[in-house]
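Asker: Below is a structure I'd like to ask you about.
Taken together, the values in this text are just the output of simple stated rules run on the coordinates, not laboratory data. All values reported here derive from a predicted model rather than from experimental measurement. Cβ coordinates were reconstructed from backbone atoms using ideal geometry, including for glycine residues, and neighbour counts include every protein chain displayed.
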Amino acid sequence: MYVAVKGGEAAIGNAHALLAEDRRGDTAVPELSVDQIREQFSLAVDRVMTEGSVYDPELAALALKQARGDQVEAIFLLRAYRTTLPRLAVSLPIDTAKMQVSRRISSCFKDLPGGQLLGPTFDYTHRLLDFTLLAGGAPPRTEARGELAPDLPQVVDLLNAEGLIEPEIPDADDAPVGDLTREPLMFPAGREVRLQNLARADEGYLLALGYSTQRGYAKSHPFVGEIRSGDVAVEVEIPELGFAVDIADITVTECQMINQFTGSKSEKPKFTRGYGLAFGYAERKAMAMSLVDRSLRAQELGEDITAPSQDAEFVLYHADNVEASGFVQHLKLPHHVDFQSELTLVRTMRAEIEAASAPVAEFEEAAQ
Amino acid sequence: MTPKPTPGQTGASPAAASLAADQAARQRRLSLLARAERETLEAAWNRLEPKPAFRRLKQPETGLVMVRARAGGNGQRFNMGEMTVTRCVLALDEGGEMGVGYVAGRDRRRAELAALFDALAQQPRHAAMVEAELLAPTQESAAAARQARAAKVAATKVDFFTLVRGED
Amino acid sequence: MTTLQMTTPAAGFHDPVQQSQRAFRILLDTMARPGRVMDQDFDCGHPGGIAPVLAAGLLTLADLDTPVWLGEGLDTPAMRDWLRFHTGAPLATGPGQAALVLLDAARMPALDVFSLGSDEAPERGATLLVQVPSLHAAAAAMTWRGPGIKESVAMPLCGLDEALWRQRAQLSAVFPRGLDIYLGCGRQVIGLPRSTVITFGEA
């Protein structure tokens with residue numbers, strides 16, 4: 001029998017009030033403003049924007065505040081909000097070669113045109129806790145000297161010129177571009193759908209998968225061709241005007257991974273590529289994404305599919321942390337009826353086994 | 001997609017060249033108005049007397065623009081993620097010029113002011129004011145911010161030097 | 001005078017939030033009760049040469065994700081500008097690629113040029129907005145049956161060729177694939193969902 005039950009309304013209301021109180025914490029401590037979160041927890045904001053798939057630093061900061069700093073919860077909030085908005089337009093592809101860079105490095109070439117620009121990086125810090133921050137110390141003065149080269153060529157394009165790396169082939173202007181926010185994930189998934197999925201994917205998940213490729217689960221032998229972070233212009237075709245206008249700058253991080261590839265009889269050996277792109281300063285995410293993108297190209301490049309990171313269905317179906325968290329956490333919801341039926345089943349099975357073994361027991365008793 | 005002719009294209013008819021120049025001017029204007037601070041726009045509007053009457057063809061509305069990118073930076077297109085954008089379209093009562101405002105984020109008033117100044121810039125008596133009070137200052141401050149940031153980033157450029165190994 | 005100065009396209013909804021919801025309600029109701037004439041109790045701007053009820057239908061149903069096909073006689077620069085300005089909808093590259101189609105009863109193509117959807121995704125079947133000369137005619141020429149109709153309803157041809165109605169009748173065989181059709185005249189509209197079965201003569 002299916003029994004509908006109702007209740008818990010007061011409990012839920014009080015739970016929400018308690019949540020709000022705990023979120024605020026000790027009221028003797030000043031409350032964080034959304035601006036403070038946006039400016040001082042900017043990498044947390046960037047992650048929420050990337051995986052929430054909406055570029056809006058203020059909204060992402062608000063989501064973090066509301067979620068008590070829980071990233072996946074904040075991402076969920078942002079995803080939920082985006083469903084309330086109409087889509088106004090689609091941008092032209094951003095041109096990362098024209099980025100106003102804040103960081104740009106390559107591990108392949110020491111002397112690359114334009115130089116290695118470290119930018120605001122955690123690399124080379126000693127990972128020692130800075131107790132001056134505990135005391136509210138001011139940041140050191142930054143140096144400002146010189147200028148950046150007007151053009152910073154993509155490192156992979158240098159290899160391209162020699163034909164040593166596979167070129168990326170642009171699709172036709174009128175070719176459809178798959179969109180996971182419009183159509184469900186279907187297999188085989190095109191590269192564009194995979195990249196969209198990975199761009200929204202959970203960073204920790206991609207990090208683990210990317211790491212697994214380095215440890216031997218799928219050989220890709222990667223080198224960082226280039227990582228660059230900075231601002232790019234977003235050009236939007238304005239429906240009311242019929243031409244494109246550059247309406248904003250957004251911060252993105254891009255990783256071009258170069259991977260080894262042994263050629264075949266018909267093709268000379270050349271390097272292959274993996275690509276990673278994320279909103280904000282998200283170097284770890286972009287790097288991991290580029291490793292997984294390359295790994296998912298196994299079939300296209302005629303490689304054996306032996307590792308989890310090469311299995312598109314496995315990787316793409318489990319990459320979204322809003323979906324994953326929803327399905328894992330739904331187990332908390334009342335399953336009273338399901339469990340009762342399982343309980344009955346187990347009791348019945350046990351009773352049957354006991355009944356079947358009963359005559360033997362009687363016989364044994366009789367023998368004694 | 002509408003082709004984007006470049007200004008001063010050779011071989012184009014004078015009419016086409018003029019159209020291209022107008023389009024380039026409009027693109028620059030919309031791009032700068034989209035980057036102008038709300039306070040700057042509001043101050044320019046407050047200085048304007050008399051205030052022109054206008055009607056909204058599209059109420060200020062916040063929505064999303066899907067940001068596209070290319071695999072490898074120049075390959076196959078893909079949808080990277082969306083960004084919030086607010087737009088407004090209006091027409092001036094006197095003259096009927098249509099103004100368009102598209103700004104990043106969710107500030108409806110900013111989108112409306114951007115559209116208003118886009119429309120006003122099409123009226124000869126207001127064009128110079130829009131340029132002097134909004135476009136030129138926004139362009140200058142954006143260039144200055146760019147340069148200041150570039151200088152700080154340039155200071156993090158690695159100067160490699162080779163350590164000479166002793167020969168004897 | 002700049003050559004780029006755009007002429008403002010024809011107006012759309014005067015009150016987009018309220019009117020689009022009311023228009024949607026009418027489209028929904030009329031699809032739920034096939035054959036019943038519904039009145040749209042408000043006007044909206046349109047580029048001319050199109051029934052206000054269908055103009056409201058386009059403004060309500062078209063958006064960035066719905067490629068629109070403008071049928072013969074309706075594909076005018078004014079219509080294109082109006083549609084792009086108000087809805088942002090792209091023009092379909094062909095009738096078979098369209099999600100939404102605007103047609104005139106006097107210049108109808110065969111129905112098989114439009115997408116019927118697939119068995120996996122029947123919702124991809126096109127929605128046709130057909131401008132007809134009249135929804136009320138003395139002579140009933142066919143019978144509609146199906147969900148939303150009590151018993152049956154006798155219907156006139158509404159200015160469309162009988163051959164076209166026979167094409168539509170045959171589409172019932174491929175259900176759930178099919179076409180959803182709105183017939184509009186002035187401010188009145190009739191809905192004809194793919195689930196409606198059409199028979200002719202004494203049936």
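Asker: Per DSSP helix of 4 or more residues, -39500 (n - 2.57); summed, then divided by the residues of chain A. What does that give at 222 nm, rounded to the nearest 500?
Answerer: Estimated from H runs of four or more residues: -12500 deg cm²/dmol.
Asker: Let me check I have the definition right: for the stretch A:165-291, take the eigenvalues of the Cα gyration tensor, multiply each by 5, take square roots. What are those semi-axes in whole Å, largest first?
Answerer: Listed largest to smallest, the semi-axes of the stretch A:165-291 are 28, 19, 16 Å.
Asker: Moving on to the next point. Report, to the nearest 10°, how far helix C:77-87 tilts away from the longest principal axis of the Cα atoms in chain C, using its own Cα long axis and a range of 0 to 90°.
Answerer: 90
Asker: Which Cα, out of C:A121, C:V68, C:S152, lies furthest along the positive dipole direction of the stretch C:16-191 (beta carbon charges, K/R +1, D/E -1)?
Answerer: C:S152
Asker: Using the count of nearby Cβ atoms within 10 Å as a rough guide to exposure, how do A:Y275, A:Y211 rank from fewest to most?
Answerer: With the sparsest Cβ surroundings first, the list reads A:Y211, A:Y275.
Asker: Taking only the alpha-carbon atoms of the stretch B:25-65, what semi-axes of the equivalent ellipsoid follow from 5 times the gyration tensor eigenvalues under a square root, in whole Å, largest first?
Answerer: 20, 16, 12
Asker: Along the charge dipole of the stretch A:9-82, Cβ charges K/R +1 and D/E -1, which of A:I75, A:L62, A:V29 sits furthest on the positive end?
Answerer: The residue sitting most towards the positive pole is A:I75.
Asker: In whole angstrom, and with the biggest value first, how far do the Cα coordinates of the stretch C:16-191 range along each principal axis?
Answerer: Principal-axis extents of the stretch C:16-191 (Cα, largest first): 42, 36, 28 Å.
Asker: Looking at the protein assembly as shown, what % of its DSSP beta bridges pair antiparallel, to the nearest 5?
Answerer: 75
Asker: Here is a follow-up. At a threshold of 8 angstrom on Cα-Cα distance, excluding pairs fewer than six apart, so keeping six or more, what relative contact order does chain B reach in percent?
Answerer: Taking the mean separation of contacting Cα pairs over the length of chain B, I get 19 percent.
Asker: Which order do C:D75, C:D41, A:D249, A:D293 fall in if you start with the one that has the fewest other Cβ atoms within 10 Å?
Answerer: Fewest to most other Cβ atoms nearby, the residues stand as C:D41, C:D75, A:D249, A:D293.
Asker: With the cut-off at 20 Å, tell me which of the pairs A:K270/B:K157; A:K65/B:K152; A:K98/B:K152 have Cα atoms farther apart than that.
Answerer: A:K270/B:K157; A:K65/B:K152
Asker: Would you list which lysines come within 27 Å of B:K58, measuring only between C-alpha atoms, while excluding same-chain residues fewer than 8 positions from it?
Answerer: By straight Cα distance, B:K58 reaches B:K4.
Asker: Round to the nearest 10 and give me the degree value, 0 to 90, for the angle of helix C:16-32's Cα axis relative to the longest principal axis of chain C.
Answerer: 10
Asker: At a threshold of 8 angstrom on Cα-Cα distance, excluding pairs fewer than six apart, so keeping six or more, what relative contact order does chain A reach in percent?
Answerer: Relative contact order of chain A: 17 percent.
Asker: What ³J(HN,Hα) values, in whole Hz, does the Karplus curve 6.51 cos²θ - 1.76 cosθ + 1.60 give for the stretch A:102-114 when θ = phi - 60°, with x put for Gly and Pro?
Answerer: 10, 7, 6, 9, 9, 9, 8, 10, 6, 9, 9, x, x
Asker: Okay, next question. Against the longest alpha carbon principal axis of chain A, how many degrees, from 0 to 90 and to the nearest 10, is the axis of helix A:71-82 turned?
Answerer: Once rounded, one gets 80 degrees.
Asker: State the Cα centre-to-centre distance between the stretch A:16-39 and the stretch A:168-202 in whole Å.
Answerer: Their Cα centres are 39 Å away from one another.
Asker: If all Cα-Cα distances of chain B are sorted into 10 Å bins from 0 onward, what percent lands in each bin, rounded to whole numbers?
Answerer: Using 10 Å bins, I get a P(r) of 9, 26, 30, 20, 7, 4, 3, 1, 0 for chain B.
Asker: Across 5 Å bins from 0, what is the distribution of all Cα-Cα pair distances for the stretch A:65-213, in whole percents?
Answerer: 1, 5, 9, 11, 15, 16, 15, 13, 8, 4, 1, 0
Asker: Pick out, in residue order, every one of the trypsin sites (Lys or Arg not before Pro) in the stretch A:4-97 that is DSSP loop and has at most 10 other C-beta atoms within 10 Å; say none if there are none.
Answerer: Those that pass, being in a loop and sparsely packed, are A:K6.
Asker: Along the charge dipole of the protein assembly as shown, pointing to its positive end and built from +1/-1 on Cβ of Lys, Arg, Asp and Glu, which listed residue (A:G302, B:F54, A:V252) has its Cα farthest out?
Answerer: Result: B:F54, furthest along the dipole toward the positive end.
Asker: Tell me which GluC sites (Glu not before Pro) from the stretch C:78-153 have a DSSP coil assignment and no more than 16 other beta carbons within 10 Å of their own.
Answerer: Qualifying residues, ordered by number: C:E120, C:E151.
Asker: I'd like the distance separating the alpha-carbon centroids of the stretch A:205-253 and the stretch C:28-85, in whole Å.
Answerer: About 40 Å separates the Cα centre of the stretch A:205-253 from the one of the stretch C:28-85.
Asker: Give the Rg (one decimal place) followed by the Dmax (whole number) of the stretch A:9-82, computed from C-alpha coordinates and expressed in Å.
Answerer: In Å, with Rg to one decimal and Dmax whole: 13.0, 38.
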